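Enquirer: Structure provided below as structure tokens; questions to follow.
The values are calculated or read from the model by the stated rules, or taken from the named source; none is laboratory data. Every value quoted in this text rests on a predicted model; they were computed, and no experiment measured them. To get the accessible areas, we keep the full protein, side chains included, count just its heavy atoms, and leave off ligands, DNA and RNA. Shrake-Rupley method; radii C 1.70, N 1.55, O 1.52, S 1.80 Å.
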Amino acid sequence: MASDTAPEDFVRPDNTLPTIFDLLVLQRGSSIFFDYLRESGAISKRMKNESVKTTLLLPTNKAVISLGWKPHQGPPKPSPDGEIGVEITEEMGKANVERWLSAHILPVDDIDFTSENPLPTLLEGRSVSILKTHTGQSAEWQNYGLAQGDGAIGLKKRIPASNGVLYVIDGTISSE
């Protein structure tokens, strides 16, 4: 089901839209990403801050589980002797999570689907590109996906927030 409104069961007393952080609490199908996000002080604060506009590309639990590695591990990297190491210090784990989370955050209030330019993420040097995947959908955003290899990551749901917009996606953005 595609949505273009805030969840009906979440009403703020002043009838304003919830923040992205508030919306994350309600996204049961994306709780793994939210668990990682809550551990990141700076990114968590950004999602709560109504004066900092943000677009969040929120992967589903299924997309995160299908990764061949956990976000705190980072993608496997061969060591000089050719072996793939799995020993991760706590500090390295936090840095890997920050990178992975940052790859899913655009520092804009929404995606400009008319732009052909890659959209920079909070991860330095990493951007995402928009790809037209359909035509004739009722909402413009439903006609697009995020370019990934030879295909596209689908945009499943769009939910506006007081500090930007949240797109539920059916894949993950690489931090590499």
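Enquirer: With the cut-off at 22 Å, tell me which of the pairs LYS45/LYS94; LYS45/LYS156; LYS132/LYS157; LYS94/LYS157; LYS53/LYS157 have Cα atoms farther apart than that.
Expert: LYS45/LYS156; LYS94/LYS157
Enquirer: Compare HIS104, HIS134 by solvent-accessible area with a 1.4 Å probe and give them largest first, with all protein chains kept in place.
Expert: HIS134, HIS104
Enquirer: Using a 1.4 Å probe, how large is the accessible area of ASP112, given in Å² and rounded to the nearest 10?
Expert: 80 Å²
Enquirer: Relative to the present Cα-Cα distance, how much length would full extension add between THR16 and GLU90 at 0.36 nm per residue of separation?
Expert: 22.8 nm
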